[in-house]
Structures are given as C-alpha cells and as structure tokens.
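Working notes for the structure below.
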Amino acid sequence: MSKETLGIFLAIIGLAVAFVLYLIDKSGKSTPVITVILLLITAGLFIWAILILPWVWTPQSSVLRIWRVSAVSCVVLLLVVRFAIWIWPPRAHPILDTEERSSNEHQKPSEPVTAFSPKDERQLPKSLQIDVKLRFVYPKEPALVITNPCGAAAKNIKWTVALWNMDLPDRNDPLPIPVSIFDWIKPHEEGGPQNLFSSPLVAPLLKPGNRLFGSASVDCPECVRGRTYVVYIVLGSGGWFSEMETEKSGDILIPKNFLKESREEYFKSLEAAVPVASRLPIAEK
C-alpha cells in the first residue's frame, strides 16, 4: 500500500470516528471522557494521515519541512477543537421531574424545592447591588431585551436561550442560539433587543407557527443573583415567558437528556411549573 493510499485510509477512519462521536452526542449519551478520547483519536488519525504524505517531507530545507509539519498539525488541531466546541454539551442542570420534586418536598417541607443551588446573595447596600433581568418583545418576531433596573452599571452580562422546536420531534438538540455576552448596560437602562432567530444556523430550522419551548437565563460576575426563565413561543403569533423566582444560579433548565421521551417530560414539567397567572405575554417593546 502506497503512502498516499494509507493517508486516505487513515483520513477516512478519522472521519468515521468523528461521525460516531457526532451520533453519540446526538443520542444524548456522550460523556466528557468519551468525547475527549474520541477527539484525541480523531486528531491523531488526521495528523498521521497528513504527515505520511511525501509533500510534507519533499523540501530540501529542514526549516521548510518543519514549517509544513507545524502548519498542517496546527490546522488539524484547530479543526478538531472547533468540532469539540460544537458538540460539547451545554453546562446546565437538569430540571427535576415530578417524582423527585415530591420526594424532596416530603423530606424538606419547610424549604422551596429548586432545580439549582441558589447563588449566595452578597451583603451590599441596595444602592450598590447589581441585578439584571430579561424580557421578550415583538410577538411576531420575538427578541430579547436585557434590563438593568439598578443604580450601578452592569458589565459582562451573559445570557443564554435554550429552545426546542416542538414541531421537529426528530431533532434532539435545542436551536443553535449561541451563548452571548453583553458588554455593559448603564444604570436604569436596557440592552437590545437581541435577535434570536435570524442567524443562518437557526432560520432554516423554523417555520411560521412552530412551537418553541425551553428556558433562558441571565447573569453577570457582579450580580447578586442570576435569573432563570421559562419561555414559550409560537413563531409569528406570540408567546409568553415567566421568571422562576426561586432559581438564583442563573443556569438554564434543560431535560435530563435530549432524547424524545425526556424532552416530552421536560415540556410537561415546564408547563406545570408556571401557573397561567404568572405567564407574561410577549408584547411590543
């Protein structure tokens, strides 16, 4: 077998390993250990496939050979890292199911049951405390607005939106809305609106009338607490959102895993967790 043929064979194996990792991630069964191992195997196969090609070693100059080896290795590693960022699961905590909530309520009836451990609020004068919130505007084309109701500027505000298209039952993942950082907002002012659905990655997954259900959150390094919201949208018509007052960590609510059965239970849990009276309609700005 020639070196060119061996290189092609190794590259094909590398693509196969990457595809297996992709399938494991989509099934919701990936773990950090499995992901790291398969990523290392993928990177090694691709680097091996490229380094055995004669083109890398043909230059007479050792400097040029070193440059080619370094260049192709860096390109492969960058592509693998980009793939890893794409498939790595979001850091969040699963929402408790009904049985777990009932068990916790039985054991600790005097404490509210939450999906997360609340962030410790800092003992600061109220005039110096920083607290940011979210609201959603524009019923036909929903967008996100960050509000700073406090007397101090809020900086490095991270907001996250995880929504599933309920009308795409075979898609396990939420819509690819990236986690974003808003630089700063002056006291008693707002940031946005932030468009959620117009990016080339999100728009092809949506049609008018699609039902979107999930969670959103906002937090900042100096905030006294994070805020978590349940969000329901009928694309082109409107929707509602509601803050989970007991959630202070600033993490989103997600299913235990992204498989269809877990998502359906997740949707039921979210709907049951928010009384109709607490649902704020998405209104014009």
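Only the coordinates and a few stated rules stand behind these numbers; no lab work does. These numbers were taken from a predicted model, which means no experiment stands behind them. Glycine also receives a Cβ, built like all others from the backbone with ideal geometry; neighbour counts cover every protein chain displayed.
What the table shows:
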read-out	value
Ranking of 167, 173 by count of other Cβ atoms within 10 Å, fewest first	167, 173
Potential extension, residue 40-residue 12 segment - 0.36 nm per residue separation minus Cα distance	8.5 nm
Residue pairs, from the table 140/256; 158/268; 158/248, whose Cα atoms sit over 19 Å apart	140/256; 158/268
J(HN,Hα) series, the stretch 41-54, from Karplus relation 6.51 cos²θ - 1.76 cosθ + 1.60, nearest Hz, glycine and proline x	4, 4, 4, x, 5, 5, 5, 4, 4, 7, 6, 8, 6, x
Length gained when the stretch residue 271-residue 20 is fully extended (0.36 nm per residue, less Cα-Cα span)	86.9 nm
Integer Hz, Karplus 6.51/-1.76/1.60 couplings in order for the stretch 270-285, x for Gly and Pro	5, 5, 6, 6, 10, x, 4, 5, 8, 8, 8, x, 6, 10, 5, 4
Packing-based ranking, highest mean first, of 151-164, 267-280, 60-73 given that Cβ atoms within 10 Å are counted	151-164, 267-280, 60-73
